[in-house]
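Since the structure comes first, as structure tokens, the remarks are kept for the end.
The values are calculated or read from the model by the stated rules, or taken from the named source; none is laboratory data. This one's a predicted model, so the numbers in the text were calculated from it and none came from an experiment. Ideal geometry is used to build each Cβ from the backbone, glycine not excepted, and the neighbour counts take in all protein chains shown.
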Amino acid sequence: MSAIRTISLVRTYKSKDRSEPRRALNSVSLEVEDGEVRGLLGPNGAGKTTLVRILSTVLLPTEGGASILGRDVVHHARAIRKIIGVAFGGDKGLYPKLTARQTLDYWAALYAVEAGETRRRVPFLLDRVGLTDRADDRVETYSRGMKQRLHLARALIGNPRILFLDEPTIGMDPIAARDFRSLIKELRGEGRTILITTHDMAEAEAVCDKVALIDRGQLITVETPDGLARLVSRHERIDFEGGPDLAQQVAALPGVARVQVGPTGGFRVELTQAEALNPVLSHLVAAGVTSLQTSRPSLEEVYIHLVGDRGLRI
């Protein structure tokens, strides 16, 4: 049984101008195995948050179905809420006049956590997210990154089997983001299933077992981070040291997309098909090039190839 499953999931919103309804999700079918960390990548407006809201029983689907550990999100919403934790970020779910400790006490009561367990779990979670020293300060005095850490603690207060984290590291400094990644690995080791929406490619590569790319409400592909890179192996790059005449010759070879100045000097060749790699290398070696290097695209470059530059605009 999958921990998370959607079948032809559709969610539409009425347009303000009364034109055709806008589809935020368009027939999304997705399965996440129990104990898996799944990344959900996509540009703003792709449908990531809408999907998480449906899975966490905040929104109803327009068509199709979704289930959590075999329970339907529409008909078994109350049971599902007892086994999930959600961190949407921002100020939602946080009360500025409360302290972090009071916030967790409050949410523990909502989750019906026993008093003795609450007394143990609250300080444990505050320490786990690095907020012990500020536990008794009001949330209104917190930075954005501190609020994100409190959101993580709040999502864990009910000891959930499944976590939904929507852009969890927004506002965090590099050290806090690194600690967050370590925490995700710990939570995975405890057997929890985690769905993370993120724009951070390094984050997805570091913590996710698989990554799902979504754009304009449609699921594009689901792969491991390495598998996504293999999907665009035809875009492998060759960096070499040489003159502009040689660069022009290489640009005219079959399977070459373009030749441009490399990031550290020299030239970078970008290919359109994997079969062009060996002929281009042979041409460079025959021309006397002694300094060259091939490399595969990063997950960020894969994202751009599959979604397009539009996906990175804000």
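Annotations
- Of all residues in the range 1-54, those satisfying the criterion of being more than 21 Å from Val74 (Cα to Cα) and assigned to a strand (DSSP E or B) are Arg22, Val37, Arg38, Gly39, Leu40, Leu41.
- Among the criteria (1) closer than 22 Å to Leu165 by Cβ; (2) at pLDDT below 95; (3) surrounded by 15 or more Cβ atoms within 10 Å (Cβ to Cβ), the one Arg23 does not fulfil is (1).
- Test: residue in the range 152-173 that is without any contact (Cβ under 8 Å) to a residue 12 or more places away in the chain, of a type in the set (D, E, K, R) and surrounded by fewer than 17 Cβ atoms within 10 Å (Cβ to Cβ): no
- Pairing residues of the range 108-126 that are in the same structural domain as Ala153 (by TED's automatic domain parsing) and over 25 Å from Asp179 (Cα atoms) with residues that are among the charged types (D, E, K, R) and part of a helix (DSSP H, G or I), at Cβ distances under 8 Å and at least 6 apart in sequence or on separate chains, gives Val113/Arg121.
- Qualifying residue in the range 137-151 (condition: of a type outside the set (Phe, Trp, Tyr), in contact with a strand residue (DSSP E or B) (Cβ under 9 Å, 6 or more places away or on another chain), at pLDDT 95 or above and surrounded by fewer than 19 Cβ atoms within 10 Å (Cβ to Cβ)): yes
- Residue within the range 71-91 that is in contact with a His (Cβ under 7 Å, 6 or more places away or on another chain) and either at pLDDT 90 or above or on the phi > 0 side of the Ramachandran plot (or both) present: yes
- Restricting the range 152-173 to residues that are assigned to a loop (DSSP other than H, G, I, E, B) and under 13 Å from Ala87 (Cα atoms), the residue that is modelled with the lowest pLDDT: Ile170
- Members of the range 207-241 that are over 32 Å from the mean Cα position of the chain (by Cα) and either free of Cβ contacts under 8 Å to residues at least 40 places away in the same chain or surrounded by fewer than 19 Cβ atoms within 10 Å (Cβ to Cβ) (or both): Glu241
- Qualifying residue in the range 96-103 (condition: charged (D, E, K, R) and within 19 Å of Val52 (Cβ to Cβ)): no
- The set of residues from the range 45-100 being among the basic types (Lys, Arg), surrounded by fewer than 21 Cβ atoms within 10 Å (Cβ to Cβ) and within 23 Å of Asn26 (Cβ to Cβ) comprises just one member, Arg53.
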